[in-house]
Structure formats: C-alpha cells, structure tokens
C-alpha cells in the first residue's frame, strides 16, 4: 500500500511538472478583447465563495412574465437608451446576483401557468392549480368546500408568527395574483372584492382577497403594503380621490381602507406621491399605499400621472427603511407586475421599460441592505410568447426592424409575439393559391412596416396568431440570487424550491 502511494505521488508530481510547460504556450488570441474579458470573468467565478450564514432578511423580486428573451431585450434596450453598447450591457441583477438557475413553471394541472399557482409555489413551497392562490393540489377551482383542507402557509405568514417584519410591493393591484400569494387563500384568483363572491360561496368559507388582506391576523400584520387596486377596498358609494367620476367596487358596504386605519393607529395610508414622500419611516410602524384604482401606471406613463406615483425603486427603498427597524429581520416581496400586462397587450416597449425599472429596484435594494446578511432572489412567475428573431446587425435598435425582408417582401421587427393583438387580420385573395385549394382562399395579409415607427412606445409588435390578449408561455424562466445560501440556486429546478431555499436561509418554515 505504501509503495502504491509512492507511485501515485510520483506520477502526480511528474504531471504537475509537465503542466506549467504546457501553459507557457502563447495563444494567438491571448490579447483579444473577448478572450481577456472572459479570463477576468473566470477569475471572478473562481473567487466566488458560498455564503452559508443565516440570512437576516429575504427579498423576493418577481418580474411578472419576465421571460429570458425579455431580460435579453431589456438589457439591450437599457444600454441603447444610455448610449452604450446594448448587447454587452448588463442589467443590475445580472451582475450583482452571481448565482443563476432555471425554474420549471408548470403547475399541478397545466403545462402553461398563470401567476396564481406560480406565485403560490414561490411563497409556500407547493405546486397547485391554475387560478388558485395559497392552496395545495387538494383544492378544486371555484369550490369553496375544498378551501379549508387545502390552505397552506406562506413564508410571510410564518415570518410574522416568528416576529419578523413583512412587506409586499407591486405595480399591479395589491389583490392581484402574485402579491396576493403572500397573504390570501382562495380557490378563485378573480375574487378580488366581494362582487365576485356569491352568497353561497361566502357561507362555505370563502372571503374576497381584499378583505383577507385587511383581516390578515398573522403577527402584527404587514408593516408595508404598496401597490394599486384602491377600488377593491372602497365602497361603491365612495368617490375615488384621484378620479372623482369613479367609485369603489365593493357592494357590501365595507370601507376596508377605513378599517385598516382603525386597526393600525400607528400607521399611515397614502394614495399619491406627495403623501408617500412625506412618510417618516422612523416613526411610522405600518404603511398602506394604494396609488391607483386598478393597476399602477406603466413606467413609460408614470410621469404623466396627475397625482404622482412612486417608482418601483422608491417603493422598494421606503419598504426596506421601514422593515429594517425590526432587529430580527424581514421578508419582502417586490413585484414588477406590469411587465406581464404589456406583453399581454403585445407592447414590447412598455414591457422592456418596466423590466428596466425592476433592474433599478434591485440595485436600490442591494445598496440599501447589507448583502452579506440578505438573500436577494430575482425571478419570474412564468414566461410569454415573446421572441428576438431575424439577423439584425450589432447595434440595431432593439425595437427596430430586423434589417431584412420576409418572403412576402415586407420588413419585420426584431421583437415579436407568437400570438396577440398585433396579428391584425386583413382578408384578401391568395396571391398564389396553395395546391388543392380554391383560388379565392382568404389569407392573413401582414401589414407593411416600411414607413412605420416601430420604436414608438405605443407600437404593437406583429404576431402570428390573432388573439385579443397575448398568452403566457411554458418555457423555463431564470432565477438570479445572492446572499446567504444563494448558491443553492443552480441547474434546472422546480419553481417551488424557491420557497425552500428562502426558508432555509432565514431559518423558518420547516427548513432542514
């Protein structure tokens, strides 16, 4: 045995002596800029050391519908807007968050998910059914009798019970699927106010989502709630403060904003930028902000809002300032909800601008916390049928034409959708009748974009299949992470593992 060991040591030593000689060979590409840059990136990768300490804080950023092509296009867009090379540009979370994985987004009952069960997977650790929030696979859609047996706890509920601070921020309605997954339990995601619930459903244990938020009984409740959806908390007799011609959506007579204010005499309710800016985070213990009757403005339109709305980054920083008062730490969700809505509209420009706004929020959060004690996760709930195609030259405007024509002789944009509103249908006779068909077969004739400004913020990219609303897609989405136990995000993982890594990092929720 000793002799064998000596032989092995001798062999290894010989190889070790030979290795430097091989490494001395000069490579012709050694001075190439791409080669040098890759060597620097390799050195940074080698230097990475996993952080296995206990997280004090967890921040989950969700870019709703932020597919991988959305990230790529937004990266290029953001760089081009700043006048730098877009293709080699990086969004903040691509550089600040070193660990990356792919997330499988299918649900218990569907290849292509909606936001309700995917958000539930991330906040509770289980996969469930499309259309349901805060319940397990035991639930039955629209069947309130299955709610009690299928309800599951979110990491926010667990954190409140453990004495941590919690917050939820969204540019969508705060009762919408993704933010609702932090607190709600329902077999129908559309029951955002009492008008969606019939009397029979109420009698069998179902409660509308807005009511669940105000009645949320875990710990001392959310320290921060910021988003849209004001109408779901206001009665039908109450005029909206920003749009006096509109009223609330509730028919049950419950003024939920007033009920929240009565519940938290140490809190502040705000609905515009001025009020938001005036909040003293050192003395305010609970903050409730509802900045629109429905969803908040797209980032592209926010500056035109008469009452003023805070940016996603501003809401994120304000939330961290408040939540950081808790010495035991906090759990925070921040959703860029309108990426999804812009994609559904077939409007790439607004989707990219809201993705850039998410990038700015991630950078602001990273700067506002101690990254060594904060697990930051950036991901999406699902994808969209959004693509980057053709052969545009380097530096071509990402919202522009791809640079060549299709077989119909017309130009096309680099960005496009498989389906959606951009598939305008013009019927006409087939220029060449397919074999075996009638000569007057009606075809979809694609619009000519030769003299169209495709970079305009209101332009809808063309789509193949005509649909009033572009659909989600079933491909994997990315997970970016940094901080304690972020290194567990690698490879291709189930979406519900996100909860389990967050729980392990912060030491809650049955983590092993």
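Structural remarks
- Sole residue being free of Cβ contacts under 8 Å to residues at least 40 places away in the same chain, within 25 Å of residue 295 (Cα to Cα) and in contact with a helix residue (DSSP H, G or I) (Cβ under 6 Å, 6 or more places away or on another chain), chosen from 136, 154, 115, 170: 154
- Residue 408 being outside the structural domain of residue 167 (by TED's automatic domain parsing), assigned to a loop (DSSP other than H, G, I, E, B) and in contact (Cβ under 8 Å) with a residue 12 or more places away in the chain: yes
- Matching residues, segment 452-508, being under 18 Å from residue 329 (Cβ atoms) and at pLDDT below 95: 508
- Residue 361 meets the conditions (1) in a loop (DSSP other than H, G, I, E, B); (2) in contact (Cβ under 8 Å) with a residue 60 or more places away in the chain in every case but one. The failed one is (1).
- So residue 255, is it assigned by TED's automatic domain parsing to the domain that holds residue 164 and either closer than 18 Å to residue 195 by Cβ or under 27 Å from the mean Cα position of the chain (by Cα) (or both): yes
- Residue count for segment 380-408, restricted to those that are over 25 Å from residue 94 (Cα atoms) and out of contact with any strand residue (DSSP E or B) (no Cβ under 9 Å at 6 or more places or on another chain): 2.
- Restricting attention to segment 296-311, the residues that are surrounded by 20 or more Cβ atoms within 10 Å (Cβ to Cβ) and either farther than 16 Å from residue 168 by Cβ or touching a strand residue (DSSP E or B) at 6+ places or on another chain (Cβ under 6 Å) (or both) total 5.
- Condition met for residue 159 (under 15 Å from residue 220 (Cα atoms) and touching a strand residue (DSSP E or B) at 6+ places or on another chain (Cβ under 9 Å)): yes
- Number of the exception - residue 104 against (1) under 16 Å from the mean Cα position of the chain (by Cα); (2) surrounded by 24 or more Cβ atoms within 10 Å (Cβ to Cβ): (2)
- If you go through segment 327-356 and keep only what is without any contact (Cβ under 8 Å) to a residue 60 or more places away in the chain and in contact with a helix residue (DSSP H, G or I) (Cβ under 6 Å, 6 or more places away or on another chain), you end up with just 342.
- Scope segment 463-490; condition buried (at least 21 other Cβ atoms within 10 Å of the Cβ) and assigned to a loop (DSSP other than H, G, I, E, B); matching residues: 470, 483, 484, 485, 489
- So residue 367, is it in a helix (DSSP H, G or I), buried (at least 24 other Cβ atoms within 10 Å of the Cβ) and assigned by TED's automatic domain parsing to the domain that holds residue 90: no
- Residue 419, sole failed condition from (1) modelled with pLDDT of 95 or more; (2) over 16 Å from residue 343 (Cβ atoms); (3) not assigned by TED's automatic domain parsing to the domain that holds residue 78: (2)
- In segment 242-251, the condition of being more than 21 Å from residue 196 (Cα to Cα) and surrounded by fewer than 13 Cβ atoms within 10 Å (Cβ to Cβ) is met by at least one residue.
- Count - residues of segment 201-226 that are at positive phi and surrounded by 18 or more Cβ atoms within 10 Å (Cβ to Cβ): 2
- Residue within segment 266-279 that is surrounded by fewer than 23 Cβ atoms within 10 Å (Cβ to Cβ) and within 28 Å of residue 459 (Cβ to Cβ) present: no
- Evaluation of residue 218 against (1) under 29 Å from residue 314 (Cα atoms); (2) assigned to a helix (DSSP H, G or I); (3) out of contact with any strand residue (DSSP E or B) (no Cβ under 6 Å at 6 or more places or on another chain) (one fails), failing number: (2)
The values are calculated or read from the model by the stated rules, or taken from the named source; none is laboratory data. In this text, all values refer to a predicted model and were calculated from it rather than measured experimentally. Heads up, the Cβs are rebuilt from the backbone with ideal geometry, glycines too, and the neighbour counts pull from every protein chain shown.
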